[in-house]
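Notes follow once the structure below has been shown.
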Amino acid sequence: MSGARLIVVSEREHTFFDVVEGQPVKIGRAPDNDIIIKDDMASRRHCVIERDAAGDLRVRDMKSFNGTYLNERRIRDEALQLWDALRIGRTKMFLVERGDAPPAPLAPPGEESTTDAAGAEAEAAAADEKQMSATRTMEAGAAELLANKDVRRVIEDLLRREREDVERETARRLRDESAPAVLASLDGLVARARRFGPADGGGDFFDVFLEPDHADELFVSLGTVSGVGTAACVAASAARHTLRGVGTARADGPKDVCDLAREVLARTLHPGSAVSLLLGRVSREGRVQLGALGGTGVLQWHAATEKLEVLRAPSRRDEEAPRSVSVETTLKSGDRLLLCSDGAGALRRAGDNDALGLERLSAAFREVVGQPPKELVGRLAAQFEEFTGGVPDRDATVAVVALA
């Protein structure tokens, strides 16, 4: 390798900087750095690239405020290898191999002039021209380097993967932070819910809440909005709040509430979005009223008879979306009521067409039905993970209701 070169890609420009043997590369916002980052997320003296005792390149963070990221991992002092991606704020740098001789180095900032006062103005003008010429040379060199198909392909692939990582992390945070902070409780009733799915999230949601005009009832809801990633997480949050708002504002039964919520969502979500909804009202005495549409399902374990009853089988939401139903049942001591999104039946391994299905879901439920609700939903999620091998193709959400 004849040398190393940093390709600098920012929102405003792209350029390069050749790493010279034995000379550290100072990076930051201040004008006396070797690489000046025009980024308000960069510190004045952000980081430095230098060689260690063995002659290998390392990047060292200079206690920057927003941190230095190497291949999207925040670092303090790490080795720097070819094709590593260095990020400072919104500015990215890629270390590549230099095959050509570097352009003539610029005079170090702040170097004292040996010209007398009479020639200072001419020297300043010459220095400005030299700086501009060097900048034009660097920009032209960077453009030529980026025009290389192999180099551009590698950089575009790195940038694409970085965007995907950011999208996944944003979706994950939206998914986690849009869930209810606290699940409501009611004396005599216990309700717990759990969502399982891809790291980038999806359109599932759940909620457990109280309604002021129904002091003796606990409301439990869950559902799905079609889509993946950030858009689906935002749509799921909108669906959860819509169902909750309609459910607490109207005295209608759960089926009518679900129908009305679907009408509202049809006018607010992206055209073509498929929606599954389930809303349950459970009294202290165990009387249950449920409204369901789309692919949501309801299963009940009867402790007295040790039998599992499928009150509504989970299915693909596009198969059942036009039909809403009302379900009524009664919970007794030891019974478990399982509410699930369409994903609980349609869950697959990534790239595999073999769905979990009602039979496997029922078997999984039977295995854990004796557990308290919190442990029950946790163990179901663990079985989902085992079935998918940790690579699910969609979200699956379950809620369990039981008499305390």
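Values computed for the structure shown
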quantity: Mean Cβ count within 10 Å, highest first, over the residues of peptides 187-194, 87-94; calculated: 87-94, 187-194
quantity: Whole-number accessible area per residue in Å² for region 219-324, which is evaluated in the context of all protein chains at 1.4 Å; calculated: 42 Å²
quantity: Rounded accessible area of Thr68 (nearest 10 Å², 1.4 Å probe); calculated: 0 Å²
quantity: Gained length - Arg173 relative to Arg51, 0.36 nm times residue gap less alpha-carbon distance; calculated: 40.1 nm
quantity: In Å, descending, principal axis extents of the Cα set of region 209-288; calculated: 39, 20, 17
quantity: Under-5 Å amide H pairs with Glu72, H placed in peptide plane, nonlocal only; calculated: Arg87
quantity: Within the accessible area of region 308-397 (1.4 Å probe), percent carbon and sulfur; calculated: 43 percent
quantity: Nearest-0.05 FRET efficiency for His214 and His14, computed from C-beta distance (R0 56 Å); calculated: 0.35
quantity: Net charge, Ala193 excluded, C-beta distance under 12 Å - Lys, Arg +1, Asp, Glu -1; calculated: +3
quantity: Listed residue pairs exceeding 18 Å between alpha carbons, taken from Lys307/Lys332; Lys255/Lys307; Lys255/Lys332; calculated: Lys255/Lys307; Lys255/Lys332
quantity: Pairwise FRET efficiency - Thr330 versus Lys374, Cβ, R0 = 22 Å, nearest 0.05; calculated: 0.45
quantity: Thr305 versus Asp165: modelled label distance in nm, points set 7 Å from Cα along the beta carbon direction; calculated: 5.5 nm
quantity: Taking region 1-81 and dividing mean pair separation by its residue count, relative contact order in percent (alpha carbons under 8 Å, at least six apart); calculated: 18 percent
quantity: Relative packing of peptides 218-228, 278-288, 354-364, 173-183 - highest average C-beta neighbours within 10 Å first; calculated: 218-228, 278-288, 354-364, 173-183
quantity: Gyration tensor (alpha-carbon) shape descriptor, region 292-404, a/c threshold 1.5; calculated: oblate
quantity: FRET E, pair Ile36, Lys63, Förster distance 25 Å, beta-carbon r, rounded to 0.05; calculated: 0.85
quantity: Region 242-289 shape via C-alpha gyration tensor axes, a/c threshold 1.5; calculated: prolate
quantity: Overall form of region 242-349 per C-alpha gyration tensor (a/c, 1.5; a/b vs b/c); calculated: oblate
quantity: Between region 237-297 and region 1-58, the Cα center-to-center distance that results, in Å; calculated: 55 Å
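The values are calculated or read from the model by the stated rules, or taken from the named source; none is laboratory data. Everything numeric in this text was worked out from a predicted model, so none of it was measured. When we count neighbours, we look across all protein chains shown, and the Cβ atoms used for this are built from the backbone with ideal geometry, even at glycine. Accessible surface is based on the protein model in full, side chains and every heavy atom, while ligands, DNA and RNA are left aside. Shrake-Rupley method; radii C 1.70, N 1.55, O 1.52, S 1.80 Å.
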